[in-house]
Every structure is written in structure tokens, then in C-alpha cells.
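Participant: Have a look at the structure that comes next, please.
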Amino acid sequence: MASRNLITDTQNTWCPGCGNFSIQFALRDAIKGLVNEGVPLENIVLVTGIGCHAKMADYLDINSFYSIHGRTLPVATGIKLANPELTVLCCAGDGDAYAEGMDHTIFAAKRNTDITLIVHNNRVYGLTTGQYTPTSPLGYRGRSTPKGTVEEPFNPLTLMLASGAGFVARGTSRKLPQLKDLIGKGLRHRGFAFIDVLQICATYFNKSELYDTRGYELAGHDTGDFDAAWRRASEWGYDRDAPIGFGVFYQKERPVFEEHFPAAKPTREKRADGIRMLIDERR
Amino acid sequence: MTDLSVLVGGKAGDGINSAGLIVSHLFNQLGYYTYMYYDYPSLIKGGHNYTITRAAERPIGATRDRIDFVLALNQDSVDLHQDIISDKTIIVYDSYRVKSGGQGVDINAFLKEEGAPPVMGNSCIIGAFAGVAGIPFPVLEEVFSRQIPKGLEKNLAVARKGFLAVREATKIPRGSVKPSSLLSGNEAIGIGLLLGGLEAYVAYPMTPTSNLLHFLAGAAEQFPLTVVHPENEISVILMAHGLAYGGKKTAIGTSGGGFCLMTESFSMSGMNEEPIVVVMGQRTGPSTGLPTYTGQSDLHFILHAGQGEFPRLIVAPGDSGQAVFWSQVALSLSWKCQVPAVILVDKTLCEGTFSLWEDLPRMTDEGDLPDSPSVASYRRYAITGSGVSPLRFPPTPGAAIKSNSYSHDENGVTTELPDLVVAMMEKRLRKMETLKKETDLLPAVNTGGEKTAEKTLLCWGSTLPVCSEIAEMERFRLVQPVILSPFPEEALKQALAGTKKTILVEENALGQLQMLCARHGIPVDHAIHRYDGRPFPLEELRMRVREVA
Ligand SMILES: Cc1ncc(C[n+]2csc(CCOP(=O)(O)OP(=O)(O)O)c2C)c(N)n1
Ligand SMILES: [Mg+2]
């Protein structure tokens with residue numbers, strides 16, 4: 001099965017030069033890495049939202065749940081509860097994860113469900129033609145904000161740290177090998193793994209130069225030190241000019257959500273006994 | 001024929017609901033069918049809560065216009081119910097808090113003597129009730145020992161003080177009915193779902209279905225059952241999608257407001273064909289409305305909820321027995337036909353408590369899934385004659401199982417090709433016929449009363465018990481469509497054949513079943529509406545029926 005190429009023959013409709021291609025290859029290679037380590041391919045499930053990024057569900061030849069806009073994580077949580085043996089990951093847009101479905105992002109971190117969330121953060125709504133998102137810089141001009149946005153962006157990394165995420169990382173579609181490594185680490189992390197991927201949008205917001213010139217790899221950083229992680233994550237506020245760190249900011253394991261729920265299916269007899277008991281209690 | 005009603009009233013926090021339940025259990029032990037109505041405003045402490053337990057030797061599910069006993073823990077229990085209190089009503093009251101005719105009990109003093117906490121005041125008044133009603137103390141002991149798991153001795157001691165403090169004013173005769181389990185509508189739905197093979201339940205608290213969440217959460221360990229309370233209703237239904245995709249039979253519960261938040265993913269179930277079962281407890285709308293009161297004004301919302309066109313199953317049970325049966329049906333058929341299903345109920349049913357009238361109504365078929373074809377060529381949305389594609393769940397070696405909210409091909413990959421879009425739409429719509437074939441095998445339309453009478457009382461949902469009773473009294477025919485989608489047009493026409501006058505009873509203002517009937521060419525001669533959030537009491541509805549009959 002590992003020999004399967006993992007890319008479907010569906011026609012790809014991403015724009016030429018789209019950052020999603022890099023993410024797709026990084027993700028495919030990370031999945032291959034897992035499979036080579038013995039994770040059966042059929043145990044891997046991808047959940048996507050709606051947006052350019054979400055086409056990943058059509059393009060990768062693996063189990064997938066192509067959900068609706070903003071709603072990857074609760075579906076993924078349900079899948080994980082149904083079968084904790086599955087490796088469940090989400091590809092979400094910044095519109096998905098930080099606007100429409102922000103509540104789920106915070107709660108996934110709070111619950112520590114064993115899910116890897118990859119946010120394709122191109123800092124625009126790609127599929128709906130380039131409107132601003134929660135991580136667009138102040139003054140961003142899109143078709144819904146022709147005079148520029150008047151809202152400051154927020155910083156998803158500090159938000160996730162504050163919400164209890166046990167794995168917080170940032171990569172970029174501009175640095176493929178590192179991205180593959182980060183996704184692999186996220187998938188292997190037991191618990192909620194959050195990876196913000198600064199993805200260039202070739203059509204609406206091509207920040208290649210910014211990410212190439214201001215980006216740097218976190219080195220000598222203690223990923224177990226929350227305060228250090230917070231300082232690093234605060235360095236750049238997705239807005240004004242500052243160095244942009246890539247790598248794992250924080251990693252700490254704690255009990256995962258689905259541990260607390262039964263994995264086994266009740267037998268018919270057990271169910272019948274249980275029902276009889278419930279009825280008798282009410283006699 | 002003995003037909004008695006007991007009102008228990010007090011402040012929120014006085015344990016009125018449990019006191020009412022104990023009164024119901026006393027009648028259960030004495031040999032009666034019971035029904036309990038629970039009325040409470042939307043607050044936690046204070047206010048006025050009351051229950052009305054009615055006991056009779058026939059199955060019942062409605063209150064009456066008179067009350068035989070009042071157990072008053074607050075002044076409102078007497079003052080606010082003058083319309084049903086008469087000079088025949090026997091009143092026992094907490095003499096420290098209430099001024100009234102009848103027999104006072106110094107609950108405070110008794111509690112002090114026994115060193116019992118204030119919440120045990122309700123046991124004291126129940127003891128007094130047993131005393132005035134001539135219920136032998138051993139019957140009370142029997143009920144207490146079953147129903148009060150904690151502090152039994154002290155509760156009994158306090159009850160005995162109340163029992164001895166009053167004079168016997170009447171003697172309730174023993175009835176002939178075998179004691180049964182008393183189930184709330186919520187519990188009945190839960191049991192029905194469990195009988196249908198429920199493996200997971202997800203909900204965000206909202207009256208009137210919160211108690212179903214509490215019930216299943218309490219029962220979760222022994223099955224085992226996965227019960228989750230997530231961040232909001234959007235998450236609730238999406239978790240259900242994930243659980244269903246993973247192969248777990250799942251139900252979710254909410255009320256109108258929560259269902260509004262769910263509609264986008266309800267529609268997704270129409271496209272991705274994940275079986276989703278929603279317990280939808282109606283309350284008085286629009287919006288927050290009267291959160292703890294009843295209504296039947298969401299039928300059209302449920303019939304049409306969600307963008308696009310897709311088949312859906314809607315069942316509307318009318319009492320706890322039906323709730324057991326039809327909840328099983330909803331879960332089984334939702335999986336068998338891969339359609340979303342709604343168990344449409346309301347506050348009256350959810351939070352009413354009924355004697356379980358018969359043995360557990362069971363489906364013969366637990367809805368086991370047919371075996372799937374070989375995996376090599378697995379396609380999640382394979383086109384079939386029935387429209388139902390074989391289900392597989394990850395991990396399935398060799399298969400990529402692709403669920404998709406977009407229009408998709410048989411593999412679950414997005415497509416916008418017109419011919420394929422049409423073929424897949426028609427595949428999904430064929431499930432409407434498949435579902436109809438299934439529901440045609442079931443008693444989709446319930447009939448009662450005088451089955452050939454020329455006058456018919458037509459009803460749906462929780463007005464069933466009150467309408468049944470009136471139909472019997474008036475020698476009318478009673479007709480209740482239980483399945484509301486796919487609409488059982490032929491069965492309903494058959495049930496109504498020969499009727500000269502149809503009177504429809506609905507707890508809404510605009511006549512929602514009436515509109516649905518009209519769409520199917522079924523005329524209604526008179527419509528009786530109520531929309532103050534309260535269920536119809538027997539005599540009041542009977543009078544309104546007589547006005548138009
Ligand atoms: C409930 C809902 N609202 C709006 C849309 C329209 N819509 C589709 S994709 C999208 C934004 C996508 O942005 P993002 O999540 O950042 O993904 P990208 O296209 O940038 O990858 C929107 C608003 C929708 N599909 N559903
Ligand atoms: Mg985006």
C-alpha cells in the first residue's frame with residue numbers, strides 16, 4: 001500500500017505557483033514516512049474545510065472527510081472518538097480555522113484531542129477571491145475592504161499557546177523540507193498538534209519575499225519552556241516588520257481527550273442487560 | 001372510576017419534581033396508571049414550580065380541570081391554582097410558609113427534631129399526603145426505599161412525622177393495574193435509541209432535551225456509551241458526522257434554537273449521506289420564547305431545514321411507549337437508508353412522566369447493516385437501484401473512504417460535471433422511495449377511538465393522550481400520523497376514509513400539520529390551536545372540540 005502514489009488522478013485546479021502544492025507534497029511525504037514506520041495507510045484520515053486548501057481531500061488518495069467551511073476539528077474529534085486507533089489530521093484554511101471555526105480551534109487545543117491541524121495560512125480567503133482574514137495585516141486591501149482593513153490581525157501562535165495546545169509550530173510553503181519535518185512531528189505528537197503554515201497565495205497575497213527575507217529557523221530554542229515559546233511566538237504579530245521564526249515553538253504531552261471514552265462496542269447482551277436495569281430502576 | 005389528581009408545589013430548589021415523582025410512584029404501587037406534568041419557570045431558585053400527578057385505571061397523558069389533593073410548600077401552590085382547586089380539594093401545607101384551609105404541617109419543627117436538612121421538607125409533605133389520603137405507610141416505605149438512594153432513614157423518619165401529623169380525610173382505594181416503570185419522555189427516547197443500538201450521544205444542554213443528555217451520561221458507563229457535551233450545537237452535529245463516518249451509531253439532541261445552528265450540517269448529511277439522528281424537543285418560540293414551556297411550531301422548520309433537496313425521516317411520537325418504539329425506528333432507518341432522521345418531540349412529552357403501558361415496544365429488525373461488496377473496488381457512493389450505497393468505515397485495507405459535502409462522484413471526489421451531478425442527485429433521491437418502502441411497513445398512522453366514527457380528532461405528537469381520551473369519551477375516531485416525512489399520504493387518507501368532519505388539534509398558531517395535510521389534499525374542517533406554552537387540559541380541550549364538532 002505504501003507503494004500507492006497517494007495522489008489521485010483528479011484534475012488539479014490550484015493556481016500555478018500556489019503554495020498548496022508545497023503543502024501537498026510535504027503532507028504526502030510525511031504520510032509516507034508514517035506508513036514506512038508501519039502505520040497502515042487505511043488508518044489515516046484527512047478532514048478538510050472549504051477553500052482552496054480543502055481540495056487536498058480530492059487530491060490525496062487516502063480516507064477523507066471533505067467537510068464544510070470552518071468545520072474540520074469537530075468532525076475529526078468525532079472520528080477520533082469513534083476509533084482512537086486512527087491517525088486523524090485536518091487541513092484547514094485561515095478563514096476556516098481562525099474565522100468561521102475559531103471556536104473549534106480553541107476547543108481542540110483545550111481538549112487535547114489527538115489530531116494534527118495544518119492551517120494553510122495564506123492570510124486571505126483564497127477561494128472567495130482574496131478578502132481579508134483574521135491574519136491579514138492591518139490595512140490589507142481586499143474586495144470587501146477596498147480602503148484597507150481597520151482591524152489588527154491576531155497571532156494564532158499565542159492564541160494556541162494560551163488555549164493549552166501541547167504542540168505549536170509554524171512552517172511555510174517556502175521551505176519544503178522543514179515543513180515536511182514539522183508535519184511529521186505533528187503527526188507523531190500524541191495530543192493536539194497545531195501547525196500554522198505561512199502559505200503564499202500566488203494570486204491574491206504573494207508574500208514570498210517577506211517569508212524568505214524575514215524568516216529564520218528556530219535554533220537552540222527550548223520547546224519545553226512555555227515562557228520562551230511565548231516570547232518567540234510574540235516576536236512577529238502577523239503585521240509589522242519583525243523576524244519570523246519557523247519551527248516547533250512548544251511541545252508538551254498531557255492526557256488526550258479520547259482516552260476518557262469507551263472504545264469498545266457494547267455487546268448485544270450487555271446492552272440488553274443495561275436497558276433492563278434502566279427500566280427496573282424506574283419501577 | 002377512580003381518577004385522581006395531585007398537585008405538588010413549591011419554590012425552585014424545594015425538590016418539587018422529585019416529590020411529584022414519588023407521588024406518582026405511590027399511585028403506581030397502589031395499582032394505577034400515572035402521568036405527571038411538570039411546570040417550572042426558567043430559573044434555579046425561587047419562583048413557583050409544580051407537578052400534577054394524575055392517576056387512573058386507564059393509560060393517561062393529560063391533566064384535568066380539577067385537583068383532588070394539593071401539597072403546598074409555598075403560598076403560590078394554593079393562590080395560583082384557584083381555577084382547579086374546589087371545596088372538595090384536600091390541601092396539606094407547610095404551616096410555617098403557607099396560609100390555607102386544610103391541614104397544616106409544621107415541617108420546620110419536624111425537620112429540626114430529626115436533624116434533617118431543609119430539602120427533606122418534601123418527604124415530610126409526602127408523608128402528610130399519605131396520611132390524609134389513607135395510603136398505608138408501608139406503601140410509602142416501599143416507594144421511598146426504591147426511589148431515594150441517599151438518606152433513606154432520615155427521609156422516612158421525616159415522612160412518618162408528616163404522616164402522623166394529619167387526619168385521614170379519604171381513603172384512596174387500591175387499583176387493578178400492575179405496577180410498571182415510570183419513564184419520562186426523555187428517558188423513553190434514550191431507551192429507544194439504546195434498543196436501536198446507540199453507541200454515542202452528543203448534545204449541548206437545552207430544555208427540553210437536557211435531561212436526555214443527563215440520562216445517557218449517567219448510563220454511559222454500563223453499556224458502554226460515548227456521551228459528549230461539546231462547545232456548541234454546530235460542534236455537536238459535526239461530531240456526530242465524524243462518529244458516523246467512523247461507524248458509530250450516534251444521536252444528538254437539542255431544541256429549536258440549537259437546531260438552527262445545526263442546519264448547515266443537517267444539509268451536509270443530505271449530501272455526504274452520513275446517518276445523523278436528531279432528537280428535536282420543541283418549546284415555545286420564536287427565539288428564546290418560553291424556554292421551559294411547550295409548543296408544536298417547529299414542524300415546518302424541520303420539514304424544510306437545510307439548503308438543497310434531500311430525503312429525511314421525521315417521526316413524532318406522542319407518548320413514552322411510542323417514544324421507545326419510534327426512536328429505535330429513527331436510528332435503524334437512518335442507518336439503513338443513510339438519511340438524516342429527526343425525532344420530533346416537545347416539552348410536554350420530554351419532561352412528562354408516564355407509566356410504561358406495555359412491554360417495551362421493540363422493532364424486530366435492529367437495522368443491522370447489509371454486508372458490503374469486496375473492498376478492491378470500494379466506492380463510498382456507488383450508484384445502486386435503491387440509492388443506498390454500501391457503507392464501510394476506516395480502517396478498511398485497500399479502500400480510500402471519501403465522504404464529501406460537495407457534489408461528488410461515486411468515489412466521493414468533487415465533481416461539477418452536469419450529467420454526473422444529475423446521476424448522483426437521482427441516486428440520493430431514490431432513497432426517498434427506499435425509505436418510503438420501509439416506513440410503509442410500519443404503523444406510520446396511529447388510529448384509535450371509534451374507528452368508523454364520522455367525526456375524527458386528528459392530532460400529532462404529545463397531544464395524542466389528551467386527544468385519545470376525548471375521542472373515547474365522544475366516540476370519535478382518533479387519527480395520529482406518527483411519521484411526518486416521508487408523509488404517509490395513503491395511510492392517512494385510509495385512516496380518514498368515511499370521515500365527515502375532521503377536527504385538528506395543534507399547539508401552534510398557524511396550523512402546521514394542517515398546511516401539510518392541505519399539500520396532500522387532505523381537508524381539515526376545524527382547527528383548534530393553543531400557543532401559550534401550556535398543554536391542553538382534558539376538559540378544556542373537550543369543550544373546545546364540542547364547540548366545533
Ligand atoms: C458557511 C459558509 N460561508 C461562506 C462560505 C464561502 N467560502 C468558501 S471558501 C471561503 C473562505 C476560504 O478561505 P480560507 O479558509 O482561508 O481558505 P483558502 O481558500 O484561503 O484556502 C468562504 C468564505 C462557505 N462555503 N460556507
Ligand atoms: Mg486562506
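Participant: I'm told A:Gly17 meets every condition in (1) more than 10 Å from chain B (Cβ to nearest Cβ); (2) in a loop (DSSP other than H, G, I, E, B); (3) crowded, with 18+ Cβ neighbours inside 10 Å except one. Can you identify the failing condition by its number?
Facilitator: Among (1) more than 10 Å from chain B (Cβ to nearest Cβ); (2) in a loop (DSSP other than H, G, I, E, B); (3) crowded, with 18+ Cβ neighbours inside 10 Å, the lone unmet condition for A:Gly17 is (3).
Participant: May I ask you to list the residues in the range A:176-209 that are more than 16 Å from ligand 2 (Cβ to nearest atom) and either open to solvent by 40 Å² or more (accessible area, probe 1.4 Å) or without any contact (Cβ under 8 Å) to a residue 12 or more places away in the chain (or both)?
Facilitator: Within the range A:176-209, A:Leu176, A:Pro177, A:Lys180, A:Asp181, A:Lys185, A:Arg188, A:Arg190, A:Glu209 meet the criteria.
Participant: Go through the range A:67-104 and give me each residue that's more than 18 Å from A:Gln199 (Cβ to Cβ) and near ligand 1 (Cβ under 9 Å from one of its atoms). It would help to see each step written out before you state the result.
Facilitator: Our first condition is that a residue be more than 18 Å from A:Gln199 (Cβ to Cβ); within the range A:67-104, this holds for A:67-68, A:71, A:73-88, A:102-104.
Answer for the range A:67-104, where residues must be more than 18 Å from A:Gln199 (Cβ to Cβ) and near ligand 1 (Cβ under 9 Å from one of its atoms): A:Ile68, A:Arg71.
Participant: Ok, one more. Listed residues A:Ser144, A:Ser163, A:Ser136; which is hydroxyl-bearing (Ser, Thr, Tyr) and within 12 Å of ligand 2 (Cβ to nearest atom)?
Facilitator: On the way: A:Ser144 fails: within 12 Å of ligand 2 (Cβ to nearest atom); A:Ser163 fails: within 12 Å of ligand 2 (Cβ to nearest atom).
Exactly one of A:Ser144, A:Ser163, A:Ser136 is hydroxyl-bearing (Ser, Thr, Tyr) and within 12 Å of ligand 2 (Cβ to nearest atom), namely A:Ser136.
Participant: Open to solvent by 10 Å² or more (accessible area, probe 1.4 Å) and either over 23 Å from A:Gly126 (Cα atoms) or among the acidic types (Asp, Glu) (or both), is that true of A:Ala165? Reasoning before the result, please.
Facilitator: Numbers: open to solvent by 10 Å² or more (accessible area, probe 1.4 Å): no; either over 23 Å from A:Gly126 (Cα atoms) or among the acidic types (Asp, Glu) (or both): yes.
Considered against the rule, which asks whether it is open to solvent by 10 Å² or more (accessible area, probe 1.4 Å) and either over 23 Å from A:Gly126 (Cα atoms) or among the acidic types (Asp, Glu) (or both), A:Ala165 comes out as no.
Participant: Can you report the number of residues in the range B:300-320 which are surrounded by 23 or more Cβ atoms within 10 Å (Cβ to Cβ) and assigned to a helix (DSSP H, G or I)?
Facilitator: Final tally of qualifying residues: 2.
Participant: Just one of the numbered conditions (1) open to solvent by less than 10 Å² (accessible area, probe 1.4 Å); (2) more than 16 Å from B:Pro443 (Cβ to Cβ) is not true of B:Pro488; which one?
Facilitator: B:Pro488 satisfies all of (1) open to solvent by less than 10 Å² (accessible area, probe 1.4 Å); (2) more than 16 Å from B:Pro443 (Cβ to Cβ) except (2).
Participant: Report those strands (runs of 3 or more DSSP E) wholly inside the range B:165-273 carrying at least 1 residues which are more than 10 Å from chain A (Cβ to nearest Cβ). I'd like the intermediate steps shown before the answer.
Facilitator: On the way: elements: B:182-184, B:200-203, B:226-228, B:250-255.
Strands (runs of 3 or more DSSP E) meeting the threshold: B:200-203, B:250-255.
Participant: While we're looking at this one, here's another question. Of the conditions (1) at pLDDT below 95; (2) out of contact with any Ser or Thr (no Cβ under 7 Å at 6 or more places or on another chain), B:Gly196 clears all except one; give me its number.
Facilitator: All conditions pass for B:Gly196, except number (2).
Participant: Quickly run through the range B:68-91 and pick out the residues that are surrounded by fewer than 18 Cβ atoms within 10 Å (Cβ to Cβ) and more than 22 Å from B:Thr2 (Cβ to Cβ).
Facilitator: Once the filter is applied, which keeps residues that are surrounded by fewer than 18 Cβ atoms within 10 Å (Cβ to Cβ) and more than 22 Å from B:Thr2 (Cβ to Cβ), the range B:68-91 yields B:Gln75, B:Asp76, B:Asp79, B:Leu80, B:Gln82, B:Asp83.
Participant: Could you check how many residues of the range A:42-53 are facing another protein chain (nearest Cβ under 9 Å) and open to solvent by less than 10 Å² (accessible area, probe 1.4 Å)? Steps first, please.
Facilitator: Here is the first cut: in the range A:42-53, the residues facing another protein chain (nearest Cβ under 9 Å) are A:42-45, A:47, A:50.
Subsequent filtering for residues that are open to solvent by less than 10 Å² (accessible area, probe 1.4 Å) retains A:44-45, A:47.
Total meeting the criteria: 3.
Participant: Please work out which residue is farthest from ligand 2 (Cβ to nearest atom), limiting yourself to the range A:114-128 and to residues that are part of a loop (DSSP other than H, G, I, E, B) and surrounded by 24 or more Cβ atoms within 10 Å (Cβ to Cβ). Give the derivation first.
Facilitator: Filtering the range A:114-128 for residues part of a loop (DSSP other than H, G, I, E, B) gives A:114, A:122-123, A:126-128.
Cutting the leftovers down to surrounded by 24 or more Cβ atoms within 10 Å (Cβ to Cβ) gives us A:122-123, A:126.
On the way: A:Asn122: 4, A:Arg123: 7, A:Gly126: 5 Å.
Per the stated criteria, the residue is A:Arg123.
Participant: For the range A:65-85, give me each residue that is open to solvent by less than 10 Å² (accessible area, probe 1.4 Å), more than 22 Å from B:Glu199 (Cα to Cα) and either part of a helix (DSSP H, G or I) or facing another protein chain (nearest Cβ under 7 Å) (or both).
Facilitator: Hits for the range A:65-85 are A:Tyr66, A:Ser67.
Participant: Within the range B:134-161, how many residues are surrounded by 20 or more Cβ atoms within 10 Å (Cβ to Cβ) and in contact (Cβ under 8 Å) with a residue 60 or more places away in the chain?
Facilitator: Number of matching residues: 4.
Participant: Return only the number of the condition from (1) basic (Lys, Arg); (2) more than 11 Å from ligand 1 (Cβ to nearest atom); (3) crowded, with 22+ Cβ neighbours inside 10 Å that A:Arg28 does not satisfy.
Facilitator: Going through (1) basic (Lys, Arg); (2) more than 11 Å from ligand 1 (Cβ to nearest atom); (3) crowded, with 22+ Cβ neighbours inside 10 Å one by one, A:Arg28 breaks only (3).
Participant: Something else now. Restricting to the range B:401-426, count the residues that are touching a residue at least 12 places away in the same chain (Cβ under 8 Å), within 11 Å of chain A (Cβ to nearest Cβ) and among the aliphatic types (A, V, I, L, M).
Facilitator: Selection size over the range B:401-426: 1.
Participant: Let me ask something additional. Has the range A:242-254 got any residue that is surrounded by 11 or more Cβ atoms within 10 Å (Cβ to Cβ) and at pLDDT below 95?
Facilitator: Taking every residue of the range A:242-254 in turn, none turns out to be surrounded by 11 or more Cβ atoms within 10 Å (Cβ to Cβ) and at pLDDT below 95.
Participant: Only residues that are facing another protein chain (nearest Cβ under 7 Å), surrounded by 12 or more Cβ atoms within 10 Å (Cβ to Cβ) and either small (Gly, Ala, Ser) or touching a strand residue (DSSP E or B) at 6+ places or on another chain (Cβ under 9 Å) (or both): list them for the range A:255-277, please.
Facilitator: Across the range A:255-277, the qualifying residues are A:Phe261, A:Pro262, A:Gly274.
Here's the yes/no breakdown for (1) assigned to a loop (DSSP other than H, G, I, E, B); (2) buried (at least 24 other Cβ atoms within 10 Å of the Cβ):
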{"position": "B:Leu4", "(1), (2)": "no, no"}
{"position": "B:Val23", "(1), (2)": "no, yes"}
{"position": "B:Gln29", "(1), (2)": "no, no"}
{"position": "B:Met36", "(1), (2)": "no, yes"}
{"position": "B:Gly47", "(1), (2)": "no, no"}
{"position": "B:Tyr50", "(1), (2)": "no, yes"}
{"position": "B:Ile60", "(1), (2)": "yes, yes"}
{"position": "B:Thr63", "(1), (2)": "yes, yes"}
{"position": "B:Arg66", "(1), (2)": "yes, no"}
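Participant: So which pairs qualify, if the first residue must be in the range A:235-260 and free of Cβ contacts under 8 Å to residues at least 12 places away in the same chain, the second must be among the hydrophobic types (A, V, I, L, M, F, W, C) and in a strand (DSSP E or B), the Cβ gap must be under 8 Å, and the two must be at least 6 apart or on different chains?
Facilitator: As it stands, the answer is A:Glu235/A:Ile244, since those pairs meet every condition given.
Participant: Out of the residues in the range A:86-108 that are facing another protein chain (nearest Cβ under 7 Å) and over 13 Å from the mean Cα position of the chain (by Cα), state the one that is nearest to ligand 2 (Cβ to nearest atom).
Facilitator: So the residue we want is A:Asp103.
The values are calculated or read from the model by the stated rules, or taken from the named source; none is laboratory data. What you see is a predicted model; the values in this text were computed from it and never measured. All Cβ positions, glycine included, derive from the backbone under ideal geometry; neighbour counts span all protein chains shown. Surface accessibility is based on the protein's heavy atoms, side chains included, excluding ligands, DNA and RNA. Shrake-Rupley method; radii C 1.70, N 1.55, O 1.52, S 1.80 Å.
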